[in-house]
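Worksheet: one structure, shown below.
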């Protein structure tokens, strides 16, 4: 994208100015706390225009040959790969991800979602004959997609790719905190030859643009990744028109170390998993549940692992942890660290404030608390920063109880040297995805939550089917 598109939206196959220009939304570099630009703020009228473009595009796109949709996704994936460095630098600038992490994870995992949907489409049967009837799966209609700032491109492709695969036009509202990667993505869609009206993008706030999309009568479904509070507001607005709502919301994921785990290997991996992306992942395993008699050993391993992080400027190749993405989240993380200390958790590394060599930017110190009890605030509320809690337990039954003692149920981890034992424990944890001994990530495994972590699933065929209706034809 060579032209400045920050004052425009992408609607109906072209870049459009807002209908009623409002005060632009500033974009702040979290590493310097300075404004680096501004984006247009959308209105309900802009949403109406984008949804109308999707409605017009829906009949032809829903009926398009599967081969055409596979080809479109292939062109999108190829352009993302070609422009990977531009996306990585945009993500590092807008939300502070270390450039090494953006290159190794943020961008490649986003591309993997597009590739996964190609694989789904190549095998999926939209019609299934049965005795006396045929089951037909059809595109649901225009889908509104609300994506967060913490994994900006990754969450866009996790929603856009299955929607397009299913034959649904989309209206995307990316986070106003991290909009540059979304604008680059809109240009990819344009350059890939996406049919007019099939992909639309409106920047703006959740209250205005998100609210208008949630309540819009011509939006057939809405998919949101964000806080539980935001998910509740979207669901309430969507209920009036009885649209489908898919929510991937907050988490407080446990990492349960059974007494037969390889602690020397698993604890450093656990610290890495909890603090990657500066701890700004909804499924980050931030509660380390460990046998009480191994607590001192775990503490020593965790302190050493936390010390490996190099906190610094996101665009520095040597940096492994950049700043927290925005001022509001930085304030929350600092307040939660102070709360942990006030409630009696034992601080074993890190603490409040920035690292000593940094005097500006939304930086936080990699922080670990030990002797945390299940009733403490830091053990119950999502912190969304590089803050881990070590909770000692008496026995396996108690550990499972602590793991499930949460209003959330998004992710969980189990560490054990006994595969059968680990599987048995995993089946007792109330979470949408359980990782045993740090397996490789895949874009096909369904991802979503139990309880207040959301409804519905993303990724692979399960995410794809969220964008389909089911019809039975009896003859």
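The values are calculated or read from the model by the stated rules, or taken from the named source; none is laboratory data. A quick note: this is a predicted structure, and the numbers were derived from the prediction, not measured. Here the Cβ is made from the backbone with ideal geometry for all residues, glycine too, and neighbour counts use every protein chain on show.
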**Study point:** Residues located in region 425-443, provided they are farther than 30 Å from residue 398 by Cα and either surrounded by fewer than 18 Cβ atoms within 10 Å (Cβ to Cβ) or free of Cβ contacts under 8 Å to residues at least 24 places away in the same chain (or both)
**Key:** 442
Study note, to complete from the structure: Those residues of region 383-411 which are touching a strand residue (DSSP E or B) at 6+ places or on another chain (Cβ under 7 Å) and farther than 26 Å from residue 335 by Cβ amount to 393, 399
Exercise for review: Answer yes if at least one residue in region 135-143 is within 28 Å of residue 95 (Cα to Cα), in contact (Cβ under 8 Å) with a residue 24 or more places away in the chain, surrounded by fewer than 24 Cβ atoms within 10 Å (Cβ to Cβ) and out of contact with any strand residue (DSSP E or B) (no Cβ under 6 Å at 6 or more places or on another chain), and no otherwise.
Suggested key: no
Check your understanding: Do the conditions hold for residue 344, that is, is it surrounded by fewer than 17 Cβ atoms within 10 Å (Cβ to Cβ), in the same structural domain as residue 327 (by TED's automatic domain parsing) and at positive phi?
Key -> yes
Exercise for review: Identify, from the list 110, 97, 45, 84, the residue that is surrounded by 21 or more Cβ atoms within 10 Å (Cβ to Cβ) and without any contact (Cβ under 8 Å) to a residue 60 or more places away in the chain.
Suggested key: 110
Review point. So residue 244 fits all but one of (1) surrounded by fewer than 20 Cβ atoms within 10 Å (Cβ to Cβ); (2) over 21 Å from residue 349 (Cα atoms); (3) touching a helix residue (DSSP H, G or I) at 6+ places or on another chain (Cβ under 6 Å); what number is the exception?
Key: (3)
Point to revise | Check on residue 356, touching a helix residue (DSSP H, G or I) at 6+ places or on another chain (Cβ under 9 Å), outside any helix (DSSP H, G or I) and either at pLDDT 95 or above or farther than 25 Å from residue 227 by Cβ (or both) | key: no
Check your understanding: So residue 28 fits all but one of (1) more than 30 Å from residue 316 (Cα to Cα); (2) in contact with a helix residue (DSSP H, G or I) (Cβ under 8 Å, 6 or more places away or on another chain); (3) modelled with pLDDT of 95 or more; what number is the exception?
Key -> (1)
Exercise for review: Would you mind listing the strands (runs of 3 or more DSSP E) fully within region 112-215 where at least 2 residues are in contact with a helix residue (DSSP H, G or I) (Cβ under 8 Å, 6 or more places away or on another chain) and either within 26 Å of residue 85 (Cα to Cα) or not assigned by TED's automatic domain parsing to the domain that holds residue 78 (or both)?
Suggested key: 143-146, 170-173, 199-201
Review point. Just one of 373, 367, 377 is out of contact with any strand residue (DSSP E or B) (no Cβ under 8 Å at 6 or more places or on another chain), farther than 24 Å from residue 93 by Cβ and in the same structural domain as residue 282 (by TED's automatic domain parsing); which is it?
Key: 377
Exercise for review: Return a yes/no flag: does region 254-274 have any residue that is touching a residue at least 12 places away in the same chain (Cβ under 8 Å), under 23 Å from residue 452 (Cβ atoms), touching a helix residue (DSSP H, G or I) at 6+ places or on another chain (Cβ under 9 Å) and assigned to a loop (DSSP other than H, G, I, E, B).
Suggested key: no
Check your understanding: With 118, 76 as the choices, which residue is touching a residue at least 12 places away in the same chain (Cβ under 8 Å), within 23 Å of the chain's Cα centre (by Cα) and crowded, with 21+ Cβ neighbours inside 10 Å?
Key -> 76
Revision key, fill the gap. Those residues of region 398-425 which are more than 19 Å from residue 291 (Cβ to Cβ) and in contact with a helix residue (DSSP H, G or I) (Cβ under 6 Å, 6 or more places away or on another chain) amount to 407, 408, 409, 410
Practice item. Identify, from the list 351, 361, the residue that is in a loop (DSSP other than H, G, I, E, B), in contact with a strand residue (DSSP E or B) (Cβ under 7 Å, 6 or more places away or on another chain) and within 30 Å of residue 99 (Cα to Cα). Key: 351
Point to revise | Of the criteria (1) closer than 21 Å to residue 201 by Cβ; (2) out of contact with any strand residue (DSSP E or B) (no Cβ under 6 Å at 6 or more places or on another chain); (3) in contact (Cβ under 8 Å) with a residue 24 or more places away in the chain, which one residue 50 fails | key: (2)
Practice item. Being in contact with a strand residue (DSSP E or B) (Cβ under 9 Å, 6 or more places away or on another chain), part of a helix (DSSP H, G or I) and more than 16 Å from residue 286 (Cα to Cα) narrows it down to one of 336, 341, so name that one. Key: 341
Review point. Closer than 21 Å to residue 46 by Cα and crowded, with 18+ Cβ neighbours inside 10 Å: does that describe residue 172?
Key: yes
